[in-house]
Structures are given as C-alpha cells and as structure tokens.
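First comes the structure, then the notes that go with it.
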Amino acid sequence: MRSRICLDTDWRFALGDHPTAIGADFNDSSWRTLDLPHDWSIEATPDPDCPTRAGGGFFPGGIGWYRKHLSLPNDPGDRRVLIEFDGVYRNSEVWCNGKFCGRRPYGYASFAYDLTPYIKLDQPNVIAVRVDNSRLPNSRWYSGSGIYRHVWMSIASPVRVAHWGTSVTTPVATPDRAVVGCGVTVVNDGKIDMDVEIVADVPGAVGCRGVRVPMKIPSHSETASTCLQLEIPKPRLWSPESPNLYTLRIEVQHNGQTLDTHDTRFGVRSIRFDAQNGFTLNGQSTKLLGVNEHHDAGCLGAALPDDVIRRRLRILKDMGCNAIRTAHNPASPTLLDLCDEMGLMVVEDIFDEWRDGKTPFGYQLDWDEWWERDLSDVIRRDRNHPCVVMWSVGNEIKEVREGRAEGLPMMKALRDVCHREDPTRPMTCGCCNSRETLKAGFGPLMDVFGYNGGGGGCFDYEKDHTKYPDMPMFASEVPHSLQTRGVYRSRTWYRDLARNPNVERQDVPHLTVEELFTGFDEHYQSSYDNAMVRISAIDSWRNTKRLPWFCGEFRWSGFDYLGECYGWPCKSWNFGILDLCGFPKDTFYFYQSQWTDKPMVHALPHWTWPGLEGKTIPVIVYTNCDRVELFYNNTSLGVKNRDDQAMYLRWDVAYQPGTLRAVAYRDGEKAAECEHHTAGQPTGLRLLPDEKSIRADRTGVAHVVIDVVDDKGFFVPHANTMVEFTVTGPGRLIGLENGDPLDHANYKLPHRRTFHGKMLALVQATDQAGTITLDAHAPELDAQMSCTIQVGATGGLPASENNARPRTGGQADSGTRT
C-alpha cells in the first residue's frame, strides 16, 4: 500500500560548490546537520553591497548543497520510491546515489522524481541537492535560498494514481445536493498491461454511494485516465465561515486486490465572477476581503514552520480577512492546506515576469523552456483546493502594462493552459497600468480583470465598468498604504509626490496645519492612514464597498515583508497592516471594524507623548458598534454615533498624561472598550506566550511576545531596549523579530532591541517532552523575566499534511479589550 513520509529531518548542509558531493561515498561528516525547511540567506547579516540589492533586502544568495542519508522503512519489493520537493529556491539539481534525477529552475515550483532505478537495498542511499542562487539579482522581493519547503518520500505500487493524478470538481453544489466529478489518472510502471478497477468513495459522507469503473493501463510508465461521478445528499458546503472538507478516496484494484489507495481532500462549493453581480460563493453575494502576501516571515526568512503560517492566517482571520493573493508566486502546499482548513480564499499568482524580465537573472531566462510546464504543474498540484478561486498568470507584467502587441498571444496562451488544466476556475492578471492594458486589448483575454492601481487605474472602476460592461473586475493590489507600528504624523504624505507633483491621487486632508509629531526617522510612515501611494485604505474600501458589481479588493499588503524596499538602510518596507512580528498596526483595526461583526473598538494614537503637553492631538476611533464615548481620566469627552460614510470617528484632545479610554455601545449596552495609559520610564519586561504547549516533534513553534513596561505594568510605546535571551529545556530559539525595517542585526543572534516597546521570540521544540523556559534579560533596565512552554505529544498538531486540522492558540496583542 501507499505510504508517505516527511523527509525534513537530519539533512547535511554546506555553503559553496561541492561537485563531488553527488556520490553516496562522499564524506559529509564535517557538514552542518539541520532540519528543513531551511533558508541560508536569512542566516547572514544584511549588507549594503549585497548583489540582491534593495529587492532582496540586502541578504545574500550563493550556492549551497544538501545531502540526506536515506533509510527505507523496509524492502519496497516492486513498489516505486518517489521523492517530492515542495519548493527549492532556485536552480535545483538532484542526485540519488550519484545518479542525476533532474533539475528545476523555478524556485517556487513543486516537483517529484522516481528514485526507484537508483535505490540500493544493500548499502546506504544518499540524496544530494545542489541549489544555485548565485546569479543576482533575480527577484524583486526577498526570495531566500535553499530547500525552504517540505520534502516527502512516497512508496507506492507500480500501478498507482499518478502524481497530482486526481481532479475533483463540484459542478452541482447546493445545500440539498452535490455532484462530485472525479478525474483520475493512473500510471503503470510495470512490465505488463493491467486491467484494473477504479473505485471512488467519499468516506464519512452520509448517503454517498461509491462507484467503480474498469480501466486498462498500458505498461512501461504509460498512463490512462477516467472520469467518475458521485453524489452527496445534503452536503456541508465549504465557505470562509464554515470551511467543511471531505476526502475523496480512490482505490486501484486488480482481481479484488487493492494495489493503491489515494486520498484527495476537497470542499463542496460553487464560485462565480459576474460583471453585473460581482463575486458569488455558494450562490451568495460575497466581497473578496483580501490582502497580498509575500512568502517570508521576517526573522525566519522563507523557511516557515507550519505553526508560523497557521498563526499568520489566524491573525488575518481575526481581522475579518477572507482571501489572500499570493504575491507573486505559487503558494506552498502547506499554506493552501491551512487556507482550506481555516476558510481563506486564494488568488494564486504564478509569475511576476514573462519573457521581458524585471531583474537581470529572473524568470525571463527560463520562460521559453519552462512556462507551460510550471503553469500546468501549479494548477494540477492545487486544483483540488477549495480555497483557490482564481489563477493569476502574472503581476504587473511588462508586456501587459506597456500595452505591447507581443503580449497578446502570450496572454491567450496562458489563458488556454489555465482552461485546459482547470475549466472550473477563471484566470486573471494583476495590471498596474490598466489604461494602456485595456486600450491594447488585453481585457477580453482575461476572465476577470485585476487592478493593481498604477497609472490611476484605482480611480477608473466605474468608467471602465461602463465601457466594458461584460468584464468582471476586482482590485488585485489596491490600496498601497504605508504605516509603521507606533509611528504617527499629522500631515498627509504621498510616496510619489516629491518626484511627480502631478501624480494622480485621492486627496486626504492633513490632520493639523503644522506637523505635530516630530523625531521619527523619515523611513518610518504614519499610522493615521495618511501615508500612501495614491489612495488611502479608507477611501479604497469605500469604493469597493459601494460598487455591487465589483468583486473585492486585495490590499498591499497584509504583513510587512523583507526586500522590495526604499534602499539602504531599509531591509523591508512598511506596507503591511501587520509588522514583521505579526503585531497589528492601527489600520488593522480599521479593517476589523469594517469586516467583522464581533464588537470592537480601537483608538489611536497611544497616549505617551512627553513634550506634547497642551498640544491638541487628533484621536481617531474605529468601531463596528453603534456609538462610542471617549473618556480622559474618566471624564467624558462626548459621544459620537458610528459614521458609515467616514468609517471613523474623530476627537481633538489636548494632551496631558493620564488614561484615554474609548467605550463602544451596541443596542444600548457596553460592548467593547480600548484603553491607553501614559507610561512612565521603562523598568521591566512582560512575556506573553501565544501557545501554552507545543508538540515534541521538532516542528512545534511557540510565539512569545515581549513588552517593555513601566513600574505600574503599563506598556512603554517608545522603548527601544536591548533584550538578551536564553532557552533551557527541550527547545531552541529560532528567531527574534522586532518589526523595525532599519534594524540590520543578524537574525540568529540571541539578543535584539525592542522596537517601539515590543518584539517577538520564536522557540521551536525538540523531540523530547518537558518544559521549555525562555529567560529574557534587559541589561539597560536591570530587568529579567521568564516564561515556560510545555512540550509534549499532545501539544498542537503535527506538521501539515492532507489530514491536518487547525489548533487554537493565543491572539496577537491587539490593544483592544472586549
């Protein structure tokens, strides 16, 4: 029977080129031992002379080698031994016992090799992987380097369901009845033709009857395909609110004997993008409430443990987000598994460039040879995920944004491959100069048109809807607003205004005549929603919300990300509404006030402003409740009703130290409140673990929030304090992040400064049960604090597989009490 094993542990690694390392007898005893996922770039210190430049966050690339000593669980007999890589950045080459298996240039592609011809039962087997990320720059954002996603080994019958060999559709998906279409491709690596039966069933689906069909499969690695159909009465539909999942089980049988069993997880749901009615999910009108996400996570680079991805998605769900656009490359299988489970829709970007590249050594060098293979593989890998609602074949593609004629047949070819591989989902492209793009005739070549806002496109929705009434549309990358956690300015700022006084923009009035807040570095941006490229978060959402035919928006971005920045001294940019730690910025709460129903209120800014005594500070409040009363030291400053047009409330308050408190009411009852205390001098630390327990399997991760506090325990929002960490017990420190885009300290050091009073420590368990103690020491404050995390077999869940389920955990620090 088929078995699948994760091969993430105990790889050997060495930087540099080691051509003789392909052989099984190569001595790698001096190499470093590590677990995957792994990213060697993030282990270095940012360098202004690094050839990755600002796009790569000034982190290095290079060449690295990995070796895995492979032990088979038992004699496989005539079964095939397959290895699958979820992602290797980039230009990977793989050998098994010195025999070349294959190469894959694209750093975001998943791929598999059949190791059977090279496996030896009487001696050790060695997998060697060469990774070449030395030709730089090749990416506009931080890519990382290495085997940064999971690796799997499967052992299966020579007659089996092929790799990515199932296609599950739900052409009928209603609360009363679901029709499940099952496309199955079977491969025969044996030496004789085989007559088999394909048996399909959905275990646990009440009332679903299995079906079987005969099939003849030619020998010698030939394949055959068939289609089956099942019905599920009264199915549980998949949606962001109720992400119900089923499993399609395919058995390949010969003479009553089961040769292979293959499970595919799927969801029952229907989607429609309509030019007049917008987006509907399961027949219900739905706005895509989305964010764009790069694939790094600050101090971990591109190598994200599953628990880290789960936490990031949980925070987005808490905000009310229901969709993600993967910027600008295929997602990891883990992310899509978790989006299925947690209820997040996905627009999956696949390419950032076509034949005309944006970087000297980017994907354009591989375009002609690999584009169709890479596109087809992504769709075959991901087409069974109910979370995926659109394929995006490009982002701000030069041939498209410049309206060039040679791009038209390329767009058509990409669309044709999307429809061939998956006729159930539309394709799109993120267009940053929509006026030139539409004028050149690209619009009809896309099923749904995506606006990235550039060239004034974010102001053209209604005009374009009138001109192209049959064209569904959505904001694939709007708005682009900037904000740095803990930073405020009272004067509006546009990124491009200095170099182009005539830049098209939405007017956002200044909050004050003269700048109120001074002393912040110019590379940090205001959290008042008054720092932007061309349109604010509030103005963008107002447009999206009021247009019933507009499918939704994906803001740039959800989390801050490494690279794609101003240039040195920045290593990251401030577009996220969550920082690199995953700590919410104030705009996070604007979206929460618009996208959620659970009572909430949030006031900004914080209330610790020494030197501003007597100055009038604009206080902005976001809420989804009926009305808000603002208090200063328990004295009411007035009550205001929710304003659905402005989408915020404002008080002008003369600053004095004390307590600022916003109380929100719904149906006449107090429903939520937010409180800010003026802090004194920093004197201590507070450690808040998101997780009380994690798994003892070398994958479990605890996220520990570190706050700087004063002698009353009040959070100190201006504190930039050095903190030193030690870990004892069955765990190790894998990263420290503070969210500061100007901090160049090496991420793997056991000490770091807080940024505006906060930082995050990530601790990963070993395979031993016990208690982890994280000790934090702030020498400047002469303060020490510790916290404990339990490690055991019952903590959380194993690494994400097809049967993974989300676990519960702590929330990111929100600053809001309910």
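Of note:
- Mean residue ellipticity, 222 nm, helices only, the chain: the sum of -39500 (n - 2.57) across DSSP H runs of n ≥ 4, divided by residue count and rounded to 500, is -3500 deg cm²/dmol.
- Accessible surface of the chain [probe 1.4 Å, protein heavy atoms]: carbon and sulfur percent: 48 percent
- Lys, Arg +1 and Asp, Glu -1 on Cβ, resulting dipole of segment 1-160 about Cα centre, debye, nearest 20: 500 debye
- Peptide ranges 690-700, 231-241 listed from the most packed, as the mean C-beta count within 10 angstrom indicates: 690-700, 231-241
- Net charge, residue 595 excluded, C-beta distance under 12 Å - Lys, Arg +1, Asp, Glu -1: +2
- Label-point separation in nm, residue 192 to residue 744, each point 7 Å along Cα→Cβ: 7.0 nm
- Flagged links, alpha-carbon separation over 22 Å, of 712/758; 398/439; 398/585; 615/712; 287/358: 398/585; 615/712; 287/358
- log₁₀ of I(q)/I(0) at q = 0.22 Å⁻¹ - segment 387-452, Debye sum with one point per alpha carbon: -0.82
- Remark: the residue 402-residue 242 segment gains 53.4 nm on full extension, using 0.36 nm per residue and subtracting the alpha carbon distance.
- Projecting the Cα atoms of 280, 3, 388 onto the dipole axis of the chain, where Lys and Arg carry +1 and Asp and Glu carry -1 at the beta carbon, places 280 farthest toward the positive end.
- Between residue 275 and residue 254, the modelled label-to-label distance comes to 5.3 nm, taking each label 7 Å out from Cα in the direction of the beta carbon.
- Since only 51, 34, 98 are under comparison, the one whose Cα sits farthest along the positive direction of the charge dipole of segment 15-129, derived from C-beta charges on Lys, Arg, Asp and Glu, is 98.
- Between the amide H of residue 449 and those of 473, 474, distances stay under 5 Å, these residues lying 5 or more places away or on another chain, with hydrogens modeled in the peptide plane.
- Matching the structure-derived Cα extents along the principal axes in Å against the labelled list [x] 89, 63, 53; [y] 79, 77, 71; [z] 115, 70, 64 gives the label [x].
- Hz values of 3J(HN,Hα) by residue in segment 282-289 - Karplus curve (6.51, -1.76, 1.60), Gly and Pro given as x: 6, x, 9, 4, 9, 8, 6, 9
- The H on the amide N of residue 281, modeled in the peptide plane, is under 5 Å from the matching H of 286, each at least 5 residues off or on a different chain.
- Around residue 620: net Lys/Arg minus Asp/Glu count, Cβ-Cβ under 9 Å: -1
- Sequence-separation-based contact order of segment 479-599, relative, with Cα cut under 8 Å and 6+ spacing, percent: 31 percent
- With θ taken as phi - 60° and the Karplus curve 6.51 cos²θ - 1.76 cosθ + 1.60 applied, the whole-hertz 3J(HN,Hα) list for segment 55-65 is x, x, x, 6, 8, x, x, x, 10, x, 10 Hz, x standing for glycine and proline.
- Magnitude of the charge dipole, segment 642-688, Cβ model with Lys/Arg +1 and Asp/Glu -1, debye to 20: 200 debye
- The label-point distance for residue 27 and residue 654, in a model that sets each label 7 Å from Cα toward Cβ, rounds to 8.1 nm.
- For the chain, the residue among 764, 88, 292 whose Cα projects farthest onto the positive side of the dipole built from Cβ charges is 292.
- 3J(HN,Hα) couplings calculated from phi for segment 480-486 with the Karplus curve 6.51 cos²θ - 1.76 cosθ + 1.60 (θ = phi - 60°) are, in sequence order, 9, 10, 10, 6, 10, 4, x Hz; Gly and Pro show x.
- Angle in degrees between helix 407-421 and the longest Cα principal axis of the chain, rounded to the nearest 10: 60 degrees
- Interchain or long-range residues, amide H under 5 Å from residue 534's placed H: 480
- Rounded to 10°, Cα long-axis angle of helix 367-382 versus longest principal axis of the chain: 90 degrees
- Eligible lysines near residue 99 by straight Cα distance, threshold 27 Å, same-chain separation 8 or greater: 68, 120, 191
- Cβ-derived FRET efficiency at R0 41 Å, residue 20 paired with residue 213, nearest 0.05: 0.20
- Environment charge at residue 718 (Cβ cut-off 15 Å; Lys +1, Arg +1, Asp -1, Glu -1): -2
- Extension reserve of the residue 786-residue 686 stretch, reckoned as 0.36 nm per residue once the Cα distance is removed: 35.2 nm
- Degrees, to the nearest 10: 333-342 long Cα axis against longest axis of the chain: 60 degrees
- Förster-model FRET efficiency, 30 Å R0, residue 545 and residue 424, C-beta, rounded to 0.05: 0.60
- From most to least packed by mean Cβ count within 10 Å, the peptides 566-579, 164-177 give 566-579, 164-177.
- The chain - percent relative contact order, Cα under 8 Å, separation 6 or more: 10 percent
- Packing, taken as the mean count of other beta carbons within 10 Å per residue, orders the peptides 142-151, 261-270 from highest to lowest as 142-151, 261-270.
- Size of electric dipole in the chain: Cβ of Lys, Arg +1 and of Asp, Glu -1, about Cα centre, debye, nearest 20: 980 debye
The values are calculated or read from the model by the stated rules, or taken from the named source; none is laboratory data. Just so you know, these numbers come straight off a predicted model, no measurement behind them. Using ideal geometry, Cβ is built from the backbone for each residue, glycine included, and neighbour counts are taken over all protein chains shown. Just the protein is used for accessible areas: all its heavy atoms, side chains included, with ligands, DNA and RNA removed. Shrake-Rupley method; radii C 1.70, N 1.55, O 1.52, S 1.80 Å.
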